[in-house]
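Any read-out appearing in this document is the output of simple, stated calculations on the displayed coordinates, not a laboratory observation. Nothing here was measured: the structure is a model prediction, and the numbers come from that model. Note: ideal-geometry Cβ built from the backbone for every residue, glycine included; neighbour counts use all protein chains shown.
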2 protein chains.
Amino acid sequence: MLHDPAQLDLMFQALADPARRSMVERLSRGPASVSQLAEPLAMSLSAVVQHLNVLEASGLVRTEKLGRVRTCRIEPQALRAAEHWINERRLAWERRLDRLGDFLDETKDET
Amino acid sequence: MLHDPAQLDLMFQALADPARRSMVERLSRGPASVSQLAEPLAMSLSAVVQHLNVLEASGLVRTEKLGRVRTCRIEPQALRAAEHWINERRLAWERRLDRLGDFLDETKDET
DNA sequence: ACAATACTGAAGTAACTACTTCACTATTGG
DNA sequence: CCAATAGTGAAGTAGTTACTTCAGTATTGT
């Protein structure tokens, strides 16, 4: 269920923005609050919350509110899904090149 | 030089569209012309060319024109760069979880 | 030579994105 | 209790994206 096209759209779209990637990068080093995520970014807190909503909708980040603090953390399964899609296509291409190489080697032997 | 933020923006943005992903998927099975890429897609040839330009600008696809036919193929290094970015963040997170697990195990022993 | 093929490019448009500001609501520390 | 903190939500706006159509240019098969 993580492989449907719409979910991949959301995940790659989420990763396409440098502010959101920097948030993911920060979260890869451990959970953080919204303010902590916002701190290094040159934009309003509101903008950060909007980016966070995009990340959450994509499934890449999960958040949990305790008191007045929203704690954000990475969802590694979603990262894995995006990684997997790319990996499959790259491997398909590279296997193809290998077979082509084998074929060329064989036909060379036949001369 | 494949790791600069702007290039990652372009690559993830390129992968965020289902039509473009279907083009990449087709190309992962071997090179194709613009018309061949367009064939399964419910949109004008012009639209396909525009998607193709996005893919080419991202570095994910390389094209070469011979006569009136533009042949498109995948650039696996670019796919690898996108894959690598995701992988690094996921691993950072998972290593963190492992260390946390070790720490919890150790402190449990100390009771 | 001429028709068909394979794109290419420009202009238009509707929807979406990445912000902004401002006003607001909880929660918490003193 | 009340001021500071942490975040939420709505509205507005400039810029971008994903198409469309239509008109044009090479290239190639007959």
Using only the Cα atoms of the protein assembly as shown, each taken as one equal point scatterer with no solvent, compute I(q) by the Debye sum, divide by I(0), and report log10 of the ratio at q = 0.16 Å⁻¹.
-> -1.09
What whole number of Å gives the distance from the Cα centroid of the stretch A:39-105 to the Cα centroid of the stretch B:43-77?
-> 25 Å
Take each of the peptides A:11-17, A:86-92, average the number of other beta-carbon atoms within 10 Å over its residues, and list them starting from the highest.
-> A:11-17, A:86-92
Calculate one ³J(HN,Hα) per residue across the stretch A:37-50 by plugging θ = phi - 60° into the Karplus curve 6.51 cos²θ - 1.76 cosθ + 1.60, and present them in order as whole Hz with x for glycine and proline.
-> 5, 6, 3, x, 9, 8, 7, 5, 4, 4, 4, 5, 4, 5
Using Cα pairs under 8 angstrom and six or more residues apart, how large is the relative contact order of the stretch B:5-109, in percent?
-> 27 percent
At A:S22, label 7 Å along Cα→Cβ: distances to the other copies, nm, ascending?
-> 3.7
Protection proxy ranking of A:38-48, B:21-31 - average other beta-carbon atoms within 10 Å, highest first | B:21-31, A:38-48
Taking the stretch A:5-109 on its own, what percent of its Cα-Cα pair distances exceed 16 Å?
-> 63 percent
